[in-house]
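Visitor: Following this message is one structure expressed as C-alpha cells.
The values are calculated or read from the model by the stated rules, or taken from the named source; none is laboratory data. Keep in mind the model is a prediction, meaning the values are calculated, not measured. Here the Cβ is made from the backbone with ideal geometry for all residues, glycine too, and neighbour counts use every protein chain on show.
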Amino acid sequence: MIPSRLASSAARRLSQWRPSVSSTGGMRCLSLSPQALDTSVSSDVIIDRYVASRVVAEESPRLPNDSYERNALYEAEEERSMGGVTASVRQNWTRDEIAEIFHQPFYELMYKASTVHRMYWDPSEVQQCTLLSIKTGGCSEDCSYCSQSTRHKTFVKPTPTMKVQEVLEAAQRAKEAGSTRFCMGAAWRELGNKKNAFGHILEMVRGVNGMGLEVCCTLGMLNAEQAKQLKEAGLSAYNHNLDTSPEHYPKVISTRSYEDRLNTIANVRDAGISVCCGGILGLGEEEKDRVGLLHVLATLPEHPESVPINALVAVEGTPLGDSEDISRVDAFAMARMIATARIVMPRTMVRLSAGRLSFSDAEQYLMFQAGANSIFNGDKLLTTANPEFDQDQALFRKFGFQGKPAHKGPRVAPAEEQGKVAITKVQGTNNVEQQYA
Ligand code: SF4
C-alpha cells in the first residue's frame with residue numbers, strides 16, 4: 001500500500017543526514033553537540049505569554065528545530081528506558097505488536113505512555129496552534145464526517161477564499177493569544193491548477209512566516225511542484241490526514257483513495273516539509289481500525305513529525321452526524337489512542353485536536369498524561385466549535401504548562417538532562433550500552 005517512492009525519499013533524506021552523535025566515554029552515551037543544541041533565547045524570539053513568565057535564562061537546552069537534524073542526533077541510539085519502560089523509534093512495527101500495546105489494561109498503558117513521554121519530551125511544554133478556514137465549504141469530496149462537502153446539507157455556506165490581509169490579521173490575533181503555529185485550511189479536493197488562489201496562499205505563507213509563526217497548510221492533494229513552492233515560501237508543515245485504517249477508509253470516503261493520500265504525504269516529505277498526518281475517532285470504526293491507522297503511520301519510512309488525533313464532532317446533515325449507529329467518542333478512547341501513538345512514535349508531536357469542547361478539563365488532562373503535547377486553540381476549528389482562547393489560558397495555568405515557541409526545537413527532556421534515562425546505542429556505533437548516572 002505504501003508507495004515505494006516514500007521509501008526512496010526517506011532513504012535519500014537519510015543519506016543527507018550528518019549524524020552528530022558521539023561517545024563521551026563517560027556517563028552519557030548520547031552527546032548533543034553544542035551547535036545542535038539551542039540554549040539561547042534571544043529577545044526577538046516569539047515567546048508566548050506562558051514562556052515569557054518563566055525565567056528565560058534558566059531555560060533548558062533545546063534540540064534543533066529541523067527534524068532531520070534532530071533525528072540525526074539519535075541515529076545511533078537503539079532504545080531508551082526509564083522506570084521499567086523501554087521505548088525506541090522504529091518503523092518495523094507489526095500490527096499485532098501495536099494491538100498488544102493498544103489493548104493493555106488502561107492503568108498500564110497510561111503509565112507506559114506517560115513514561116515514554118518523559119523520556120523524550122518536556123511534559124510541561126505544549127504547543128498551541130490555531131487553525132483557520134481560509135476557504136470554507138463547496139468541496140466536491142464526499143467525506144462522510146465533513147460539513148463542507150457539497151454532497152451534504154449542513155449549516156455551512158460556501159465562501160470564497162479569504163483575502164491575504166484578512167488572514168494575516170487573524171494570524172496576528174492568534175499570535176497575541178499565545179499561538180505559535182498557524183494552520184490554514186481550504187475545503188478543496190486538491191490544489192490542482194488553481195493558479196490565482198495558490199499565488200494568494202503563497203503570499204499568506206510568506207506573510208505568516210514573516211510574523212515569526214510556524215505555518216502549516218491543509219489544502220487537499222498536492223503535487224511535487226506545489227509542495228516545492230510552498231516550502232520555498234516558508235511553509236513549516238503540511239497537514240494531510242489518513243483519517244482511519246486502510247480497511248475502514250472506503251466506508252468513509254469514496255472520492256479519493258488511501259493511496260492518493262499517501263502520495264501527497266510523499267510529495268510533502270520529498271519537498272522537505274514537516275508531515276502532519278493523523279486521524280479521527282468516531283467514524284464508525286472498530287478498535288482494530290484505530291490500531292490499523294497507527295500501524296500505517298508508525299511504519300512510514302519516517303514517522304510524521306506531527307500526528308493530530310481528533311474526536312468526531314458530529315454535524316447534522318452529514319452521513320456520520322445523522323447516523324444513529326455512531327456514538328460519542330469518550331475520553332478513555334481518546335487517551336488510549338494518544339497513549340498508543342506516543343509509545344509507537346515517541347518523537348512525534350501528538351496533537352489533541354478536534355472534539356476538545358466535549359471533554360472536561362480533567363478528561364483533557366488524561367490525554368496530556370497519555371502524551372499529547374499540542375492543542376488547537378481559538379473558538380473555531382475550521383467550521384466546528386472549539387474552546388475559547390481564555391479557556392485554554394486558564395487550562396494551561398491549571399496544569400502548569402508552557403507554550404512552545406515558534407521555530408524552536410523541543411526542549412531536551414528534563415528526565416534526560418537529570419540522568420534518569422538509560423540510553424542504549426546501536427551495536428558497533430559506540431559503547432554498546434552506557435547509562436546516565
Ligand atoms: S474533509 Fe476536506 S476533502 Fe473531505 S469534504 Fe471536507 S473539505 Fe472536502
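Visitor: If I ask for residues that are within 16 Å of the ligand (Cβ to nearest atom) and either buried (at least 21 other Cβ atoms within 10 Å of the Cβ) or modelled with pLDDT of 80 or more (or both), which ones from the stretch 367-381 would you list?
Guide: Step one: filter the stretch 367-381 for residues within 16 Å of the ligand (Cβ to nearest atom), giving 376, 380-381.
Correct list: Phe376, Leu381.
Visitor: Then there is this: Can you go through Gln226, Gln165 and tell me which one is more than 24 Å from the chain's Cα centre (by Cα) and either assigned to a helix (DSSP H, G or I) or charged (D, E, K, R) (or both)? Can you show your working first?
Guide: Working: Gln226 fails: more than 24 Å from the chain's Cα centre (by Cα).
Checking each option against the conditions leaves just Gln165.
Visitor: Related question: Looking at the structure I just gave you, is His248 more than 16 Å from the ligand (Cβ to nearest atom) and modelled with pLDDT of 95 or more? Spell out how you get there, then give the answer.
Guide: Details: more than 16 Å from the ligand (Cβ to nearest atom): no; modelled with pLDDT of 95 or more: yes.
Spelling it out, it is not the case that His248 is more than 16 Å from the ligand (Cβ to nearest atom) and modelled with pLDDT of 95 or more.
Visitor: Might you check whether a residue that is more than 23 Å from Pro410 (Cα to Cα), in contact (Cβ under 8 Å) with a residue 60 or more places away in the chain, touching a Gly at 6+ places or on another chain (Cβ under 9 Å) and outside any strand (DSSP E or B) occurs anywhere in the stretch 324-346? Quick ask: steps written out before the conclusion?
Guide: Applying the first criterion (more than 23 Å from Pro410 (Cα to Cα)) to the stretch 324-346 yields 324-334, 336.
Within this subset, residues satisfying the condition of being in contact (Cβ under 8 Å) with a residue 60 or more places away in the chain are 332, 336.
Then drop every residue that is not touching a Gly at 6+ places or on another chain (Cβ under 9 Å), which leaves none.
No.
Visitor: Moving to a separate point now. Checking Leu242 against (1) farther than 30 Å from Glu287 by Cα; (2) aliphatic (A, V, I, L, M); (3) within 16 Å of the ligand (Cβ to nearest atom), only one condition comes out false. Which one?
Guide: That leaves (1) as the condition not met.
Visitor: For the stretch 106-149, what are the residues that are away from the ligand (no atom under 16 Å from the Cβ), more than 17 Å from Phe401 (Cα to Cα) and in contact with a His (Cβ under 9 Å, 6 or more places away or on another chain)?
Guide: Within the stretch 106-149, Leu109 is the sole residue that qualifies.
Visitor: Could you list, in sequence order, the residues of the stretch 244-263 that are within 18 Å of the chain's Cα centre (by Cα) and in contact (Cβ under 8 Å) with a residue 60 or more places away in the chain? Spell out the reasoning first.
Guide: Filtering the stretch 244-263 for residues within 18 Å of the chain's Cα centre (by Cα) gives 244-245, 261-262.
Hit for the stretch 244-263 is Leu262, nothing else.
Visitor: Please identify the pairs in which a residue from the stretch 382-398 that is within 16 Å of the ligand (Cβ to nearest atom) has its Cβ atom under 6 Å from the Cβ atom of a residue that is of a type in the set (Val, Ile, Thr) and modelled with pLDDT of 80 or more, counting only partners at least 6 apart or on another chain.
Guide: Pairs that qualify, where the first residue is within 16 Å of the ligand (Cβ to nearest atom) and the partner is of a type in the set (Val, Ile, Thr) and modelled with pLDDT of 80 or more, are Thr383/Val156; Thr384/Val313.
Visitor: Do we find a residue being part of a strand (DSSP E or B), surrounded by fewer than 23 Cβ atoms within 10 Å (Cβ to Cβ) and in contact (Cβ under 8 Å) with a residue 40 or more places away in the chain anywhere in the stretch 134-143? Before the answer, list the steps.
Guide: Taking the stretch 134-143 as the starting set, the residues that turn out to be part of a strand (DSSP E or B) are 134-135, 139.
From the residues that got through so far, the ones that are surrounded by fewer than 23 Cβ atoms within 10 Å (Cβ to Cβ) too are 135.
Of the ones still in play, those that are also in contact (Cβ under 8 Å) with a residue 40 or more places away in the chain are 135.
Within the stretch 134-143, one or more residues are part of a strand (DSSP E or B), surrounded by fewer than 23 Cβ atoms within 10 Å (Cβ to Cβ) and in contact (Cβ under 8 Å) with a residue 40 or more places away in the chain.
Visitor: In the list Phe106, Phe102, which residue meets the criterion of being outside the structural domain of Ser327 (by TED's automatic domain parsing), closer than 20 Å to Ala311 by Cβ, surrounded by 15 or more Cβ atoms within 10 Å (Cβ to Cβ) and of a type outside the set (A, V, I, L, M)?
Guide: Exactly one residue qualifies, and that residue is Phe102.
Visitor: Then there is this: So which of Glu305, Glu259 ends up being within 16 Å of the ligand (Cβ to nearest atom) and surrounded by fewer than 23 Cβ atoms within 10 Å (Cβ to Cβ)?
Guide: Values: Glu305 fails: within 16 Å of the ligand (Cβ to nearest atom).
Going through Glu305, Glu259 in turn, the sole match is Glu259.
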